[in-house]
Structure formats: C-alpha cells, structure tokens
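Some notes on the structure that comes next.
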Amino acid sequence: MPSKDLLDLLVCPLAHAPLREEGESLVCTRCGPRFAVLDDIPNMIIDEATLPPGCASLSDLECVRAGDA
C-alpha cells in the first residue's frame with residue numbers, strides 16, 4: 001500500500017474526495033470507484049477503476065450526476 005503521507009495527498013480524480021484503503025485497493029469515500037494498487041503504486045486512472053455495485057458507467061456515479069466531476 002502507499003505510504004500514509006502519499007495517501008493523505010491522494011484524492012479521487014472525479015469527486016476530489018479522500019480515499020480509504022480496502023484490501024489491495026483505494027476507494028473513493030464519496031462516489032465509490034475502486035483504484036487498484038500494484039507494487040505500492042495506486043492506479044488513479046478513472047477509466048481503469050472498478051465501479052461500485054449498481055454503476056454501469058461513470059455517468060452513474062453520484063459525483064457525476066451531481067455535476068461535481
């Protein structure tokens with residue numbers, strides 16, 4: 001996992017919300033996409049994130065629907 005210092009700097013690229021660690025991923029605390037962490041390097045590319053259940057596309061995310069992304 002990334003260091004605590006790096007995690008404190010990272011935010012979701014869409015919602016600009018903090019991230020939380022869940023297993024080998026970082027998850028947006030607002031809209032829920034899951035970003036993989038490989039070799040301690042988070043992949044923050046939104047098109048490669050795993051969307052939360054019930055979201056078929058990025059347009060289904062709360063932050064996108066609210067116009068905040």
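The values are calculated or read from the model by the stated rules, or taken from the named source; none is laboratory data. In this text, all values refer to a predicted model and were calculated from it rather than measured experimentally. Please note: Cβ atoms are built from the backbone with ideal geometry, for glycine as well, and neighbour counts cover all protein chains shown. Remember, those area values only see protein heavy atoms, side chains included, never the ligands or the DNA or RNA. Shrake-Rupley method; radii C 1.70, N 1.55, O 1.52, S 1.80 Å.
Some notes on this structure:
- Qualifying positions in the stretch 39-66 - in a strand (DSSP E or B) and touching a Leu at 6+ places or on another chain (Cβ under 8 Å): 42
- Selection of the stretch 35-69 for residues being touching a Pro at 6+ places or on another chain (Cβ under 6 Å) and among the β-branched types (Val, Ile, Thr) yields only 46.
- Where a residue in the stretch 39-65 is at pLDDT 90 or above and its partner, wherever it lies, is among the hydroxyl-bearing types (Ser, Thr, Tyr), with Cβ under 8 Å and at least six apart: 50/25; 51/57
- Some residue of the stretch 9-20 being in a helix (DSSP H, G or I) and at negative phi: yes
- The set of residues from the stretch 27-38 being in contact (Cβ under 8 Å) with a residue 24 or more places away in the chain and in a loop (DSSP other than H, G, I, E, B) comprises 30, 31, 32, 33.
- Residues that are open to solvent by less than 70 Å² (accessible area, probe 1.4 Å), β-branched (Val, Ile, Thr), within 10 Å of the chain's Cα centre (by Cα) and over 17 Å from residue 1 (Cβ atoms) within the stretch 11-69 comprise just one, 46.
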